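Read-outs throughout are calculated quantities, based only on the coordinates presented, and are distinct from any laboratory measurement. Keep in mind that this is a model prediction, so the values were computed, not measured. Positions of Cβ are generated from backbone atoms using ideal geometry, with glycine treated the same way; all protein chains shown enter the neighbour counts.
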Amino acid sequence: MKTKKSPIGVFDSGMGGLTVLNALRKELSGEDFIYFGDTAHLPYGSKSADAVRKYALRAAKFFKKKKVKLMVVACNTASVYALDTLKKTMPFEVLGVILPGVRAALHKETKKNSIGVIGTYGTVKSGIYRRLILEMEPQSRVKARACPLFVPLVEEGWTDHEITKQVARLYLEDFASGLDSLILGCTHYPLLKGVIKNVAGPSVNIIDSAREVAMEASKLLNEAGTASGKKNGSVKFYVSDAPELFKESASIFLEESFKVQQVGLLETD
Ligand code: DGL
């Protein structure tokens, strides 16, 4: 049974989803969260749709056992490949990050003639952002580019490193020219916002969907009457492999100290 006391599950391939968790905790400070990073299978961005869907279903079953009221798929690639399946098969609400990102980019006050999207190979190949943007704003011009090296650079903690700046210039110098908005279509990219903004220039509006996701989650819970009435919520962290490594890298995303538990690889679930 979903109640006000039920936790919210947040799922990502690794620790990039912590950017979304942070926004959720800010917006929904009274909620209890369970974060699951599928570190045994990271990265999702270069995996097939079938593989990512299978991993996402296992994560959802883990959340089902934890009796969550809502699962937030913080990972763009998993949102692309698995959101529909999860929505159809799970007994709780499921929220992805793609639509909130598109909504944020098409916000009334934003210029939206020319929109760029960057993400993993999987997200870009799917064409999902382009399709949704053109459905809502047919006049827009949309272009997309995969920036796969950004993920390991963030995992390494090189969010302001000269190499990261160089990589950003290679990926984005030409790509970003003339854009009105640039959607950060990957969990890790908000950590590189400063570097990306520097290359894209001051006229490009950088869109990070995390806040929009948090606001949608809040609306959803309020409408369902299951928002927590508490003042302060908790958060528990789980990974499918190498908790110590997760802890080390995740400290870039989190200010407080925290514990991480490893869950069985979920292979047989
Ligand atoms: N979480 C992934 C995403 O947002 C990026 C990392 C990965 O490739 O697993 O698409």
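Key figures for this structure:
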quantity	calculated
Other-chain or far-sequence residues with amide H under 5 Å of Val142's (modelled H)	Ile115
Per-residue HN-Hα couplings for region 33-43 [Karplus 6.51, -1.76, 1.60; θ = phi - 60°; Hz; x = Gly/Pro]	10, 10, 9, 10, x, 7, 5, 5, 10, 4, x
Magnitude of the charge dipole, the chain, Cβ model with Lys/Arg +1 and Asp/Glu -1, debye to 20	940 debye
³J(HN,Hα), Karplus 6.51/-1.76/1.60, whole Hz, each residue of region 162-169, x for Gly, Pro	4, 5, 5, 5, 5, 4, 4, 5
Lys87-Asn113 pseudo-label distance in nm [points 7 Å out on the Cα-to-Cβ vector]	3.3 nm
For region 69-181, with +1 on Lys and Arg beta carbons and -1 on Asp and Glu, the positive-most of Thr120, Val73, Leu134 along the dipole	Leu134
Bridge type composition, the chain - antiparallel percent by DSSP, nearest 5	0 percent
Helix 76-89 vs. the chain, principal-axis angle (Cα, 0 to 90°, nearest 10)	40 degrees
Positive-end residue of Gly30, Phe63, His41, charge dipole of region 30-70 with Cβ unit charges	Phe63
At most 15 other Cβ within 10 Å, DSSP loop - GluC sites (Glu not before Pro), region 173-269	Glu173, Glu255, Glu256, Glu267
Spin-label model distance (nm) - Glu256 vs Asp50, 7 Å beyond Cα toward Cβ	4.3 nm
Rounded to 10°, Cα long-axis angle of helix 210-224 versus longest principal axis of the chain	40 degrees
Net charge of Cβ neighbours under 14 Å - reference Val260; Lys, Arg +1; Asp, Glu -1	-3
Amide H partners (placed H, <5 Å) of Tyr44, local residues excluded	none
Modelled FRET efficiency - R0 41 Å, Leu170 with Asn222, Cβ distances, 0.05 increments	0.40
Crossing angle, helix 49-65 versus the chain [Cα axis fit, 0-90 degrees, rounded to tens]	40 degrees
Cα-based reach from Lys197 at 29 Å (exclusive), listing lysines while leaving out same-chain residues under 8 positions away	Lys26, Lys47, Lys108, Lys111, Lys112, Lys125, Lys143, Lys165, Lys247
Cα gyration tensor shape for region 148-269, rounded if a/c is under 1.5, else prolate or oblate	oblate
3J(HN,Hα) from dihedral phi, region 194-199, Karplus parametrisation 6.51/-1.76/1.60, rounded to Hz, x for glycine, proline	x, 5, 5, 4, 4, 6
Long-range HN-HN contacts of Asn205 with modeled amide H, under 5 Å	Ser181, Leu182
Length-normalised contact order for the chain - Cα pairs under 8 Å, 6+ apart - percent	27 percent
Euclidean distance between Cα centres, region 22-47 to region 128-198, Å	20 Å
Relative contact order of region 1-64, defined on C-alpha pairs under 8 angstrom at six or more residues apart (%)	37 percent
Helix-derived mean residue ellipticity, 222 nm - over the chain, DSSP H n ≥ 4, -39500 (n - 2.57), to 500	-12500 deg cm²/dmol
